[in-house]
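Okay, so here's the structure we're looking at.
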Amino acid sequence: MGALRPVGRTLLRDMAYAAIRDAIVCGELPPGEPVRDADLAEALGLSRAPVREALARLAEEGLVETKPQSYTRVTRLDPRAVREAAVVVRAMHELAARTAVPRLTPADVAAMREANDRFVRATRTGVVGEALAADDELHDVLVRVGGNRAVAATIARHTPLIRRLEWRRFAEASALESAALHDRLIEACAAGDAEEAARITARIWSALEALADDEPEPEPDSEPDSEPDSEPEPDSASDSEQDPEAPEDRDEPREPRAVPGGRA
């Protein structure tokens, strides 16, 4: 199993969210696939409460869609949604670059160089997940040093929609072009040129808007003929009496079992 693997006991809600999000982004949970909290909880070795919270958050971010008492499923790839997210993320990264460059230390610039080196290696070996992780780490240096929590939160919310399309359309040629732009960005940062760093950042993220423009619009689809996405717990009253901080998050993870239908 890939992204959907057992998680530890710390911050289970956030970890469930990250595992399901990553499975959607990389295509392990493909567009249109119905998902049930019971199946996901079983696959992750968790109780259903943190999984339900994760699915609610993913619905807010446009990665799953839900019809109460009917279904929850992974959303189709929507070029318009990706384009809109890319515009917002580009603007946030530009702001982060302008804010961060005057504050960067030599260690920060070295971290960006190291991340770009890993991006190039992963691109040449075709390891898409490692390439995108290295790309995130490079840009995250500027976001972290910029210190604007609203910028960081906005980027974190909207980037998965973009990464989902990137994972599907990843190509070595375009990635190596990004690596060359990364080199120019790093040089601008090292020189303390905030405006040039922001300009190159805008160019990097604008390419993702163009990627969305090339993606065909999804075809209309019907509601899946499936069982309700969630079944009531045997003792539903006990849930309402629990602490609002969700004690399930403090329980030991359950022993994971294979998900029905072959997904593990």
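So here's what we get for this one:
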| quantity | calculated |
| --- | --- |
| Area of Arg163 that stays accessible when all protein chains are in place (1.4 Å probe, Å², to 10) | 10 Å² |
| With every protein chain in place, segment 1-118: carbon and sulfur % of accessible area (1.4 Å) | 53 percent |
| Cut-off 11 Å between beta-carbons: net charge of the residues surrounding Ala194, Lys and Arg +1, Asp and Glu -1 | -1 |
| Trypsin sites (Lys or Arg not before Pro) within segment 73-121: DSSP coil, no more than 13 neighbouring Cβ in 10 Å | none |
| Ranking by accessible area, most exposed first, for Asp39, Asp183 with a 1.4 Å probe | Asp183, Asp39 |
| Segment Glu60-Ala210, length gained on full extension (0.36 nm per residue, minus Cα span) | 51.5 nm |
| Length-normalised contact order of segment 114-160 in % [C-alpha pairs under 8 Å, at least 6 apart] | 29 percent |
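The values are calculated or read from the model by the stated rules, or taken from the named source; none is laboratory data. As the structure is a computational prediction, the values presented were derived from the model and not from experiment. Cβ atoms come from the backbone with ideal geometry, glycine included; neighbour counts cover every protein chain shown. Quick note on the areas: whole protein, heavy atoms, side chains included, nothing else; ligands and nucleic acids left out. Shrake-Rupley method; radii C 1.70, N 1.55, O 1.52, S 1.80 Å.
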